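Read-outs: derived from the displayed coordinates by stated rules, not from any lab. Source: prediction; values computed, not measured. Using ideal geometry, Cβ is built from the backbone for each residue, glycine included, and neighbour counts are taken over all protein chains shown.
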Amino acid sequence: MAEQDQSPVFQLQRMYLKDLSLEQPNSPQILLEQAQPQVDIQLGMAAEAIAEGVFEASVTATVTTKVGDRTMFLIEAKQAGIFEIRNFPEDQVQAILGVVCPQTIYPYLRAIVSDVCTRAGFPPILLAEVNFQAMFEAQQQAQAGNGAN
């Protein structure tokens, strides 16, 4: 029985929308604008331990759409999940939190952002696919570089 207790465990316990905000500060006047809006999309990831072997991982998208210097709309959405991760080496736990968990969460975040745009009366914004492995490796290299200085 003790052998089974040491086998690696990775499972999603719960997925949820942690935060959602929509702002249209210049409506309705800006809706009459004919100019093509500029869209800026920022993504963020976070993870933290919430109990022994249990972690919350989240992905945040901030979508800012402007016409000139005026904001057409701003969406901030944070999708999160609670994951059980046990009996993995620490470096693998960090990779799971930095790659696998965000990959699991991100499709839900993409759908939410698209849906909120549509419900707000705008064409949907489709967030691009993200290579979380590359993002994680770049983050690890940046941290290693900062530690060397």
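In the chain, the ratio of gyration radius to Kirkwood radius, Rg to Rh, stands at 1.09 when only Cα atoms are counted. Note on Val9 and Asn131: with the Förster distance fixed at 22 Å, the Cβ-Cβ geometry gives a FRET efficiency of about 0.25. In a simple Cβ point-charge model (Lys, Arg +1; Asp, Glu -1; nothing else charged), region 1-106 has a dipole of about 420 debye relative to its Cα centre.
For the chain, leaving out every one of the GluC sites (Glu not before Pro) that falls in a DSSP loop and has at most 11 other Cβ atoms within 10 Å, the longest unbroken run is 53-128. The label point for Ala46 and the one for Leu20, both projected 7 Å from the Cα toward the Cβ, are 1.9 nm apart. Over all distinct Cα-Cα pairs of region 1-54, the Kirkwood formula returns a hydrodynamic radius of 17.1 Å.
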